[in-house]
Amino acid sequence: MFSLSEETKNNLITSILQDTLSKPSNKTHPYFVVGKSYFFRNITFHLIGTIAAIDENGITLQAGTVSYVANSGRFMQSIDDGILNEVEPVKTSAYINLNALVDAFEWCHPLPRKQQ
């Protein structure tokens, strides 16, 4: 049997914890599912995108699916019919802090990929 010093044990524990906490979870969240698309209303803006990963602090949206919604227009038509007044699709991924999230709606329409 071998023995580890306290310093080595602490370094191993720290390394494992940092590695675990820095990796997003691909498990489902109580309210969100990886691979599904949502319309997110944050404190000051709106985003649409497909969830790539979820961790304890936020949601990562998959690159190529993200759109900033400058003007959703009539909300019912936005959510029920997928009609948006002003939208800015981007090619990058996006991260949404759960503390800034006001609400979210499943997006059951084609993701907007043209600026309007």
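If you go through segment 36-56 and keep only what is in contact (Cβ under 8 Å) with a residue 40 or more places away in the chain, of a type in the set (Val, Ile, Thr) and part of a strand (DSSP E or B), you end up with Ile48, Thr50.
Yes/no matrix, rows are residues, columns are (1) assigned to a loop (DSSP other than H, G, I, E, B); (2) under 13 Å from the mean Cα position of the chain (by Cα); (3) at positive phi:
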| site | (1), (2), (3) |
| --- | --- |
| Phe32 | yes, yes, no |
| Gln77 | no, no, no |
| Leu84 | yes, no, no |
| Lys91 | yes, no, no |
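When restricted to residues that are at pLDDT below 95 and polar (S, T, N, Q), segment 98-115 contains 1. Within segment 60-74, identify whether any single residue is among the small types (Gly, Ala, Ser), touching a helix residue (DSSP H, G or I) at 6+ places or on another chain (Cβ under 8 Å) and modelled with pLDDT of 95 or more, and answer yes or no. Checked segment 60-74: at least one residue is among the small types (Gly, Ala, Ser), touching a helix residue (DSSP H, G or I) at 6+ places or on another chain (Cβ under 8 Å) and modelled with pLDDT of 95 or more. Output the residues belonging to segment 74-87 that are exposed (fewer than 13 other Cβ atoms within 10 Å of the Cβ) and under 17 Å from Asn42 (Cα atoms). Passing the criteria: Phe75, Glu86.
I'd like to check something: does segment 57-68 contain any residue that is surrounded by fewer than 15 Cβ atoms within 10 Å (Cβ to Cβ) and not in a loop (DSSP other than H, G, I, E, B)? Walk me through how you get there before you give the answer.
Step one: list which residues in segment 57-68 are surrounded by fewer than 15 Cβ atoms within 10 Å (Cβ to Cβ), which gives 57, 63-64.
Imposing the further condition that a residue be not in a loop (DSSP other than H, G, I, E, B) reduces the set to none.
No: zero hits.
The values are calculated or read from the model by the stated rules, or taken from the named source; none is laboratory data. The model shown is predicted, which means the values in this text are computed figures rather than measured ones. Using ideal geometry, Cβ is built from the backbone for each residue, glycine included, and neighbour counts are taken over all protein chains shown.
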